[in-house]
Amino acid sequence: MTVDCVIEDARWARADLPGLSARASAATLAHLGLGPEGWEIVVMGCDDARIAELNADFRGRPTPTNVLSWPSAERGAAQSGLAPAPPDPADPELGDIAIAYDTCAREAETGGKPLADHATHLIVHAVLHLLGYDHETEADAALMERLEVEILCKLGLTDPY
C-alpha cells in the first residue's frame, strides 16, 4: 500500500502523520479483508485555514473541520446498513484525505486523548469513507462506528465514542 503524505503544516511532520496514516490505513484495509498491497491513498496534513477553504469549496461550509475525504469512485452500499462492495483491485487509487492540525489537536485536548490517538481515529474514519462507508443513516452510522471501534481496538486504542 502506498500512503503519500503531503505536509502543508509542519506540525504534522513533528506528529509523524506519515507513520500514523500508514498504520491506520493498513489496519483499516486488513480489518476489512483487503490486503494492503497495491492500494493508494493520499493524506494531506494542513491547518484550519486550508481545510476551511476545502470545506467551503467541496461542501459549501466555509468553516474548519477535522477531516475530509474524497473517494476516487462511488463505492457506497446499495442498501442502508450494509457494507459496500470492496474496491476494484484494477483501480488501486482509493482517494484523498485532508486532516486539520488545529481542529484535531483541539479535539484531542478537549477529549483528554493523545493527538496521535485522535488523528489515528480520524484517518481510520476517513479511509472507511474512501471505501464507501458513511454515516448518513442510523444504520450506516452504527456500522461505521462499530468498524472504527474494532479497528482502533486492534491498534490498542480505546473506544472513541
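The values are calculated or read from the model by the stated rules, or taken from the named source; none is laboratory data. Model, not experiment: these values are computed from the prediction. Cβ sites come from the backbone with ideal geometry, for glycine too, and all protein chains shown count toward neighbours.
What the table shows:
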read-out	value
Every residue from region 52-68 that is surrounded by 16 or more Cβ atoms within 10 Å (Cβ to Cβ) and over 28 Å from GLY38 (Cα atoms)	ALA52, ASN55, PRO64, THR65
Residue count, region 69-98 (criterion: touching a helix residue (DSSP H, G or I) at 6+ places or on another chain (Cβ under 6 Å), surrounded by 15 or more Cβ atoms within 10 Å (Cβ to Cβ) and not polar (S, T, N, Q))	5
All positions within region 33-49 that are under 17 Å from SER72 (Cβ atoms) and surrounded by 18 or more Cβ atoms within 10 Å (Cβ to Cβ)	LEU34, TRP39, ILE41, VAL42, VAL43, MET44
Selection count where residues are among the aliphatic types (A, V, I, L, M) and assigned to a loop (DSSP other than H, G, I, E, B), scope region 1-19	2
Considering residues of region 99-129 that are farther than 23 Å from ALA30 by Cα and touching a strand residue (DSSP E or B) at 6+ places or on another chain (Cβ under 7 Å) only, the residue surrounded by the fewest Cβ atoms within 10 Å (Cβ to Cβ)	TYR101
ALA22 vs. criteria touching a Leu at 6+ places or on another chain (Cβ under 6 Å), modelled with pLDDT of 95 or more, surrounded by 17 or more Cβ atoms within 10 Å (Cβ to Cβ) and assigned to a helix (DSSP H, G or I)	no
Any pair with Cβ under 7 angstrom, 6 or more apart, that starts in region 50-65 at a residue that is closer than 18 Å to ARG106 by Cβ and touching a residue at least 24 places away in the same chain (Cβ under 8 Å) and ends at one that is in a helix (DSSP H, G or I) and aliphatic (A, V, I, L, M)	PRO64/ILE51; PRO64/ALA52; THR65/ILE51
Breaking point among (1) closer than 22 Å to ASP88 by Cα; (2) among the small types (Gly, Ala, Ser); (3) buried (at least 23 other Cβ atoms within 10 Å of the Cβ), for GLY132	(3)
